[in-house]
1. Shielding by partners for A:123-136, please: the mean number of other protein chain Cβ atoms within 10 Å of each residue's Cβ.
2. Assigning unit charges at the beta carbon (Lys, Arg +1; Asp, Glu -1) and nothing else, what dipole magnitude in debye, to the nearest 20, does chain B show about its Cα centre?
3. Comparing A:CYS86, A:CYS78, A:CYS100, which has the greatest mean-square fluctuation in the GNM of chain A with Cα pairs linked when under 10 Å apart?
4. Within region A:47-136, list the GluC sites (Glu not before Pro) lying in a DSSP loop whose Cβ has at most 16 other Cβ atoms in a 10 Å radius.
5. Assign unit charges at the C-beta atoms only (+1 for Lys and Arg, -1 for Asp and Glu), then state the dipole size of region A:2-82 relative to its Cα centre in Debye, rounded to the nearest 20.
6. On C-alpha positions alone, give me the angle between the axis of helix A:52-64 and the longest principal axis of chain A, in degrees, nearest 10.
7. In the Gaussian network model of chain B, springs joining C-alpha atoms below 10 Å, which of B:LEU62, B:LEU111, B:LEU12 carries the largest mean-square fluctuation?
8. By how many degrees, 0 to 90 and rounded to 10, does the Cα axis of helix B:3-15 deviate from the longest principal axis of chain B?
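What follows is calculated from the coordinates using simple rules that are stated; it is not laboratory data. Nothing here was measured: the structure is a model prediction, and the numbers come from that model. Cβ placement follows ideal geometry from the backbone for every residue including glycine, while neighbour counts extend to all protein chains displayed.
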Protein chains: 2
Amino acid sequence: MKALESHAKNMLKAAGLYCTRARLCVIMALLRENRPITQEQITQALDAPFDRVTIYRTLDSLGKADLVHRVFLEERACHYELSHHCSKTQCHPHFTCTQCGQTHCLTDLKLPLAHHHGYVIQRQQVRLAGLCPQCR
Amino acid sequence: MKALESHAKNMLKAAGLYCTRARLCVIMALLRENRPITQEQITQALDAPFDRVTIYRTLDSLGKADLVHRVFLEERACHYELSHHCSKTQCHPHFTCTQCGQTHCLTDLKLPLAHHHGYVIQRQQVRLAGLCPQCR
DNA sequence: TATAATACGCAATAATGTTGCATTTGTTCT
DNA sequence: AGAACAAATGCAACATTATTGCGTATTATA
Ligand SMILES: [Mn+2]
Ligand SMILES: [Mn+2]
Ligand SMILES: [Zn+2]
Ligand SMILES: [Zn+2]
């Protein structure tokens, strides 16, 4: 059994979720891509064909188990990625290049958590836009 | 003529845009609300009835003139707000309460602009989630 | 292997946003 | 004020993304 597959199985086991074909395939696709992608991109990246609805429901169950979360970019469709590079309070920043359009996960960039009087801040998400190393 | 209306007219004049009923109404609605709202909320907040498409096209033209910009929250629909509380490089942070669901503009909270080697960062947007003063 | 809980596929529907085109409105110039 | 032109508007149709209902198939467990 490939390393990716056993990784995916372990994630599902640890989360107490049924270990189904669809969940394994989606997790493996997200592991391979390692960036936020849409339902459509996930569907295309899968080895086996699955119904759109199944992908959405899979993402939903993985989301409730905190294995996956949504990323909101300047595009119509939601993007999804694995949560394993994020802390509970802070997802890593996402950078989108205004030139080439690519989005990069800046997993090594740690920004200080904001404070504001009277507010309890539980989570912080940062979106950056500009020029990527290739395009500047 | 009311202060809101002349404010709206000045914004359109300064931007070199036609001063139309729809644009005036939309800007005045956004001035009154003073928080990010959806096309549907804008339409409901208007005195006169306008077609959905007109609202979208109005937001588009105001957006191109940098009078308005989109705000992405954890909801399906895009939200829109006036840009007058934002600098070119950084929009003020938006806080959404996980309890009551309300979104607040933290216009007085200034976060340092991120730096990352090799990247030219032109714009930064921050979304915060947690408990608002009423709900904590 | 039997059972119950859960996930899946398919069809239908909802929500949000966009496009084409004929008509109306706003601006500018006389 | 009136004419001429550019731009905005309304309406119908369409596109994209996500959700719901329900019957069937798969999974975990004993
Ligand atoms: Mn990421
Ligand atoms: Mn705001
Ligand atoms: Zn680039
Ligand atoms: Zn609250």
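1. For this peptide, the per-residue mean of nearby foreign Cβ atoms is 6.
2. 260 debye
3. A:CYS100
4. Those that pass, being in a loop and sparsely packed, are A:GLU74, A:GLU75.
5. 300 debye
6. Once rounded, the angle reads 60 degrees.
7. Ranking B:LEU62, B:LEU111, B:LEU12 by mean-square fluctuation puts B:LEU111 first.
8. 80 degrees
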